[in-house]
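The structure under discussion appears below in the form of structure tokens.
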Amino acid sequence: MHRFLISAAHRSSGKTTVSIGLAAAIKARGLVVQPYKKGPDYIDPLWLGTAAGRPCRNLDFHVSADDEIRSQFARSGWDADVCLVEGNMGLYDGLDLEGANSNAALAKLLDLPVVLVVDARGMTRGVAPLILGYQAFDRDIKFAGIIFNRLGGSRHEAKLRAIVEHYTDLPVLGAIHEDSRIALVERHLGLMPANETEAAEHRIAAIAERIAAQTDLDRLLEISRSDLSLPRPAPRTIETQWPVRIAIARDAAFGFYYTDDIEALTAAGAEIVYFDALRDAHLPPCDGLIIGGGFPECFLDALEANAGLRGEIRAAIEAGLPTYAECGGLMYLARSIQWQGQTRSMVGAIAGDIVMHAKPVGRGYVKLEPSADHPWYAGSTPLLAAHEFHYSSLDNLPPDSRFAYRVKRGHGIDGERDGIMYKNLLASYTHLRATAGCDWPARFVGFIRSEARQGEKQRCSA
């Protein structure tokens, strides 16, 4: 097995492009690549998963303890030839003074050698103290080598290679020249999602070709070889009693779902059926509905034009269909979305209006306390660890609105509360993740079952 973590001196160094290229290039050699992304993220994992041909998994200290992260790493990587972890931010960056949740901490926890991506624009001899400082800062970190990015040309590359060879003991594993053809498209919330880019596979192939040509893959694989095998996990127990059918919106507008969450829904006894909120005329027959995050503001015309589907979703929620929505899903279920001078009608199940802003309204990690009205968690759980990232606000809510959460950290809907509730709908700006401390998929499936049983009792009594 080969395993390594790709990090950088600072964010926006190009490590995502390098990670995507390496995943695809190594896969092209016939090796099975299991990609991972540190921290909360949907967009990078979509690209990494497409590049590797295997769903990317997230590893996050905020929502999981060390033992659970080790288990998550092993469960998805035991049968892979290469485990590739892309970090977030810089190698030593983190939320606390000790760096307990940093990329470096993850590298030590999982015994991963670090490939340090260095954005070398405008740098020559200065790379030496930077690299030496990163090595000296934590001697427990094992560095596999350096990949220089965004170089000015062959002369620049030659100088950097000579400097690293003279001053350090680390190998230069790659030198990626500045090339606009491999840049990933960006928008107001980050990279363009791979699920939204029809040419994603062509772009990935182009990135892989250039990364492979400018990286010593043989040496990287040699350095990252590990004799330690990952334990094969026990098979998941699948709930077979009272199966329920959950419809999930999955398209260019709504695509932010963690693979672990989908698997947890299935393990809890849910049959998943996907639908396209942009094109499908009807909501599939279902016992429950999930609309995840995404970029509905970029598809306002198409979402508004699909009035038949919006009407069916509104009617289903009014009839009591158990429904869960996160961020983009919350926006879609509101009365309207206003962005860039345009206002478009949405589902209208939530008596409020979405307004997009130029700067983030809520961004980062969240801690939530379920309220007594929460349909799945009331009075039975400690604080839930989660995350949020939204540029919108939910305005004009009626004063008697009910909320599922009290926000102990983060912003949510109004800085104090999140999780708007209406009948059997719960919609929040917060993104939950299925972990040992947050078993929301099983609880949601259980809620759907309880509603189905109640409906059967009412039909029988009638």
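The values are calculated or read from the model by the stated rules, or taken from the named source; none is laboratory data. Given the structure is predicted, the values throughout are model-derived calculations rather than measurements. As a convention, Cβ positions derive from the backbone with ideal geometry for all residues, glycine included, and neighbour counts pool all protein chains shown.
Could you tell me which residue of region 414-447 is nearest to VAL361 (Cα to Cα), considering only residues that are touching a helix residue (DSSP H, G or I) at 6+ places or on another chain (Cβ under 8 Å) and basic (Lys, Arg)?
ARG433
Give just the number: which of (1) buried (at least 17 other Cβ atoms within 10 Å of the Cβ); (2) part of a helix (DSSP H, G or I) does LEU130 not satisfy?
(1)
Residue-by-condition table, conditions (1) of a type in the set (S, T, N, Q); (2) touching a Phe, Trp or Tyr at 6+ places or on another chain (Cβ under 7 Å); (3) over 16 Å from TYR429 (Cβ atoms); (4) not assigned by TED's automatic domain parsing to the domain that holds GLY294:
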site: GLU318; (1), (2), (3), (4): no, no, yes, no
site: TYR324; (1), (2), (3), (4): no, yes, no, no
site: MET331; (1), (2), (3), (4): no, no, no, no
site: SER336; (1), (2), (3), (4): yes, no, yes, no
site: GLN340; (1), (2), (3), (4): yes, no, yes, no
site: HIS390; (1), (2), (3), (4): no, yes, no, no
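State whether the residues of region 279-288 include one that is surrounded by fewer than 21 Cβ atoms within 10 Å (Cβ to Cβ) and closer than 25 Å to SER392 by Cα.
yes
Somewhere in region 234-245, is a residue under 30 Å from ASN149 (Cα atoms) and of a type in the set (Asp, Glu)?
Within region 234-245, not a single residue is under 30 Å from ASN149 (Cα atoms) and of a type in the set (Asp, Glu).
Given the residues ASP414, ASP418, ASP400, ASP373, which is the only one that is acidic (Asp, Glu), part of a strand (DSSP E or B) and in the same structural domain as TYR257 (by TED's automatic domain parsing)?
On inspection, the qualifying residue turns out to be ASP418.
Which of the residues spanning region 48-59 are part of a loop (DSSP other than H, G, I, E, B) and either touching a His at 6+ places or on another chain (Cβ under 7 Å) or surrounded by fewer than 23 Cβ atoms within 10 Å (Cβ to Cβ) (or both)?
Correct list: GLY53, ARG54, PRO55.
Here are the criteria: (1) more than 30 Å from ARG453 (Cβ to Cβ); (2) part of a strand (DSSP E or B); (3) touching a Phe, Trp or Tyr at 6+ places or on another chain (Cβ under 9 Å). Tell me which single one LYS367 does not satisfy.
So the condition that LYS367 fails would be (3).
Please determine, by comparing only the residues of region 237-254 that are in contact (Cβ under 8 Å) with a residue 60 or more places away in the chain and either among the aliphatic types (A, V, I, L, M) or under 20 Å from PRO285 (Cβ atoms) (or both), which one is surrounded by the most Cβ atoms within 10 Å (Cβ to Cβ).
If we take residues in region 237-254 being in contact (Cβ under 8 Å) with a residue 60 or more places away in the chain and either among the aliphatic types (A, V, I, L, M) or under 20 Å from PRO285 (Cβ atoms) (or both), then PHE254 is surrounded by the most Cβ atoms within 10 Å (Cβ to Cβ).
Take the conditions among the basic types (Lys, Arg), part of a loop (DSSP other than H, G, I, E, B) and more than 18 Å from ARG310 (Cβ to Cβ) and apply them to LYS359. Does it pass?
The answer is yes for LYS359.
Quick one: in region 386-397, which of the residues that are in a strand (DSSP E or B) and out of contact with any Ser or Thr (no Cβ under 8 Å at 6 or more places or on another chain) is farthest from VAL361 (Cα to Cα)?
Top of the filtered list is ASP395.
Given ILE413, ILE350, ILE354, which one is buried (at least 22 other Cβ atoms within 10 Å of the Cβ), free of Cβ contacts under 8 Å to residues at least 40 places away in the same chain and not basic (Lys, Arg)?
Every option except ILE413 fails the conditions.
What pairs come up if the first residue lies in region 311-336 and is free of Cβ contacts under 8 Å to residues at least 12 places away in the same chain and closer than 14 Å to LEU278 by Cα, the second is assigned to a helix (DSSP H, G or I) and charged (D, E, K, R), and their beta carbons are under 9 Å apart, counting only those six or more places apart or on different chains?
So the pair list comes out empty.
Considering only region 28-47, state which residues are surrounded by 20 or more Cβ atoms within 10 Å (Cβ to Cβ) and over 11 Å from the mean Cα position of the chain (by Cα).
Across region 28-47, the qualifying residues are VAL33, GLN34, PRO35.
Suppose we filter region 185-206 for residues that are at pLDDT 70 or above and within 21 Å of the chain's Cα centre (by Cα); how many remain?
Number satisfying all stated conditions: 5.
Among the candidates ASP79, ASP96, ASP111, ASP67, which residue alone is over 19 Å from the mean Cα position of the chain (by Cα), in a helix (DSSP H, G or I) and not aliphatic (A, V, I, L, M)?
ASP67 is the lone residue from the list that is over 19 Å from the mean Cα position of the chain (by Cα), in a helix (DSSP H, G or I) and not aliphatic (A, V, I, L, M).
What are the residues in region 413-456 that are within 22 Å of ILE350 (Cα to Cα) and under 17 Å from the mean Cα position of the chain (by Cα), if any?
Matches in region 413-456: SER428, TYR429, THR430, HIS431, LEU432, TRP440.
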